[in-house]
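Please read the structure below before turning to the comments.
The values are calculated or read from the model by the stated rules, or taken from the named source; none is laboratory data. Bear in mind that the values here come from a model prediction, so they are computed numbers and not experimental data. Ideal geometry is used to build each Cβ from the backbone, glycine not excepted, and the neighbour counts take in all protein chains shown. In case anyone asks, the SASA skips ligands and DNA or RNA and just uses the protein heavy atoms, side chains included. Shrake-Rupley method; radii C 1.70, N 1.55, O 1.52, S 1.80 Å.
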Amino acid sequence: MTPLPFGSTIGILGGGQLGQMTALAAAPLGYRTHIFSPHDDEPAHLVTPFHTKGSFEDEAALAAFADAVDVVTLEWENVPLKALEFLEKRVPVFPGPNVLRIAQDRVLEKTFARDHNIGTTDFAVVHSAKELDAALKNFTRPCLLKSTRMGYDGHGQVFIKEDMTAQQAWDSMKAPVGILEAFVSFSSEVSVIVARSANGETATFPVVENRHKNQILDTTTAPAEISDDIAAEALALATKLTSDLQVVGLLAIEMFVLKEPNAKGQRVLMNEVAPRPHNSGHWTIDACPCSQYEQLVRAVTNRPLGPVAPHSRAVMQNLLGDDVLKADALMKNPSAHVHLYGKTGIREGRKMGHVTFLRGAW
Ligand SMILES: Nc1ncnc2c1ncn2[C@@H]1O[C@H](COP(=O)(O)OP(=O)(O)O)[C@@H](O)[C@H]1O
Ligand SMILES: [Mg+2]
């Protein structure tokens, strides 16, 4: 595959902050970006003038978008498969529907991992309160019920304690299909981001550690404070998954580090994957020679991938809701790199921006 000529247009499905930061990374390489999304007034529209507004079901809008771009990537993994298949007949789409089909569904994701000898949480699929009740007999409480699709930031998740009935848990999930998961008692949560281009070249960022508050990412620390053995296991899991899934673009892999190895001797389990730029990779903008966003641009245009060795250690803190009001104070800190997404209207838990603190040489 020949590289996409500089000056070509990368189409991005979705107009959020991940699309904004991808568009910002494309510009210095001379690539234009064109957003497809159902909304105006989103972060990505502030940095590129090219936008096709339409729903993901609107084939006329999708066709116009396909005509305007040379390659398509995405910043939101829940784009309907039908839209991706429609686009793929007209223009290359990276990552393609084969990857998205799996990444959109927690059951397919964990089944894929299991079939490929990758450690993951024990799970059962349930379609009703009755099935959940039966499945609960094989699980120790507490355990977790999650919607299989469309989940993010803990939405659609129910923590099932001793006193909760299957019916109560089922009703609070509010989804037609659920996945019941064993509760993992982890020592930490880590993630790895892998870039892979159409010619199979890969670049893997180091393992980072993620802390969540109310199931929303709060901070990412790079590097993760884990032993070299565990880091090697996490990197091996992430690179295997990326090549087994044949991802073109980025794959972010969220993992649990177990307190003790499980019966199979595994110390790292896959939690979920996202085939797009990831919140836990924002730090790479300020601490690496080539950010996750630039790697995505290079991967989908079939250019050489960039170096991944960071120059600085870093801590990324999300600015949620009111946190954005601290921006001025943070801007006085010489080691703080403040990124605001330009969202209007502060809402509790809404991702308004982030700040990356550089913590000295890597
Ligand atoms: N099986 C589990 N055991 C323990 N904690 C979990 C489990 N599943 C999820 N969590 C916690 O909830 C967070 C969000 O869950 P996750 O599966 O990543 O869904 P999403 O990020 O799509 O909302 C995880 O990062 C982790 O902190
Ligand atoms: Mg998650």
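One table, with the values for the structure above:
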{"read-out": "Top-ranked residue in region 209-266 [being on the phi > 0 side of the Ramachandran plot and more than 14 Å from ligand 2 (Cβ to nearest atom); ranked as most open to solvent (accessible area, probe 1.4 Å)]", "value": "Gln246"}
{"read-out": "Which numbered condition Gln167 misses (of (1) open to solvent by 20 Å² or more (accessible area, probe 1.4 Å); (2) in contact with a Leu (Cβ under 9 Å, 6 or more places away or on another chain); (3) polar (S, T, N, Q); (4) within 27 Å of Thr73 (Cβ to Cβ))", "value": "(4)"}
{"read-out": "Hey, Asp122 on the phi < 0 side of the Ramachandran plot and surrounded by 15 or more Cβ atoms within 10 Å (Cβ to Cβ) or not", "value": "yes"}
{"read-out": "Residues satisfying the stated conditions in region 184-199, i.e. open to solvent by less than 10 Å² (accessible area, probe 1.4 Å), in contact with a strand residue (DSSP E or B) (Cβ under 8 Å, 6 or more places away or on another chain) and more than 16 Å from ligand 2 (Cβ to nearest atom)", "value": "Val194, Ala195"}
{"read-out": "Inter-residue pairs, beta-carbon under 7 Å, first closer than 19 Å to Glu57 by Cβ and in region 1-19, second at pLDDT 95 or above and hydroxyl-bearing (Ser, Thr, Tyr), 6+ apart", "value": "Ile12/Thr22; Ile12/Thr33; Ile12/Thr73; Gly14/Ser37; Gly15/Ser37"}
{"read-out": "Filter result for the condition that a residue is among the β-branched types (Val, Ile, Thr), within 16 Å of ligand 1 (Cβ to nearest atom), touching a residue at least 40 places away in the same chain (Cβ under 8 Å) and surrounded by fewer than 20 Cβ atoms within 10 Å (Cβ to Cβ), over Thr140, Thr148", "value": "Thr140"}
{"read-out": "Glu260 vs. criteria in a helix (DSSP H, G or I) and more than 19 Å from the chain's Cα centre (by Cα)", "value": "no"}
{"read-out": "Hits in region 3-13 - residues which are crowded, with 24+ Cβ neighbours inside 10 Å and small (Gly, Ala, Ser)", "value": "Gly11"}
{"read-out": "Test: residue in region 267-281 that is without any contact (Cβ under 8 Å) to a residue 60 or more places away in the chain and among the acidic types (Asp, Glu)", "value": "no"}
{"read-out": "Every pair of residues 6+ apart whose Cβ atoms lie under 7 Å, when the first sits in region 45-67 and is closer than 20 Å to Thr22 by Cα while the second is open to solvent by 60 Å² or more (accessible area, probe 1.4 Å)", "value": "Val47/Leu24; Phe50/Arg32; Lys53/Asp40; Ala66/Arg90"}
{"read-out": "Total residues in region 288-324, condition among the aliphatic types (A, V, I, L, M) and surrounded by fewer than 24 Cβ atoms within 10 Å (Cβ to Cβ)", "value": "7"}
